[in-house]
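Here's the structure, in structure tokens; my notes come after.
A short reminder: the numbers here are calculations on the coordinates, not readings from a lab. These numbers come from a predicted model, not from an experiment. All Cβ positions, even for glycine, are placed from backbone atoms using ideal geometry, and neighbour counts span all protein chains on display.
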Amino acid sequence: MRLTCLMLSSCLLSACSAVVPPHAWTFDPTHPQPKPVLSPDEGVSLSQRLAQLQAERTALRSQIATEPDVWKRQALYARLHALGRQLSPLERRTSQHASAL
């Protein structure tokens, strides 16, 4: 019984260590990580691309809302999904840099 409890606790501890990200083991609060910074040109191009993709998304959503044919809407939903996959990393990156300010 003791051996079973010992094995079970060691398995649980090893499983927990796999969940912790590697940078957490070397975290030092006295030396904080530098905040991500965008150059002005990079920020402008990122915001322009983001605005362009958001405008495309809005246009595509309005086109989906007015399309009466189900099969054509399915193709539009596929385009909307592909557009969302392009837009999502840009929005994440923008939010990371906005929170760093």
### Task
Starting from the Cα of Val70, step 7 Å along the direction of its Cβ; do the same at Met1; then give the gap between the two resulting points in nm.
6.2 nm
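Add -39500 (n - 2.57) for each DSSP H run of 4 or more in the chain, then divide by its residues: what number comes out at 222 nm, to the nearest 500 deg cm²/dmol?
Numbers: 4 runs with 80 residues, N = 101.
Using -39500 (n - 2.57) per qualifying helix, the result is -27500 deg cm²/dmol.
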### Message
Can you compute the modelled spin-label distance between Ala24 and Arg61, with each label point 7 Å from Cα toward Cβ, in nm?
### Response
3.5 nm
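First check a/c for the stretch 1-91, with a ≥ b ≥ c the square roots of the eigenvalues of its C-alpha gyration tensor; if it is under 1.5, answer rounded, and if not, answer prolate when a/b is larger than b/c or oblate otherwise. Before the final figure, lay out the partial values.
Working: a/c = 7.18, a/b = 1.68, b/c = 4.27.
Oblate.
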#### Entry: Shape box of the stretch 38-101 [Cα atoms, principal axes, largest first, Å]
46, 15, 14
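Got the relative contact order for the stretch 38-101 handy, in percent, Cα pairs under 8 Å and 6 or more residues apart?
Working: 21 pairs, mean separation 28.4, N = 64.
With pairs under 8 Å counted, the relative contact order is 44 percent.
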### Query
Using the membrane-span-like helix rule (whole DSSP H runs, Cα extent along the own axis of at least 20 Å, mean Kyte-Doolittle hydropathy at least 0.0), which helices of the chain qualify?
2-19
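Kindly state, to the nearest 0.05, the FRET efficiency for Gln48 paired with Ala78, given R0 = 30 Å and r defined as their beta-carbon distance. Each step should come with its number before you reach the end.
Details: r = 25 Å, r/R0 = 0.85.
Computed FRET efficiency for Gln48 and Ala78: 0.75.
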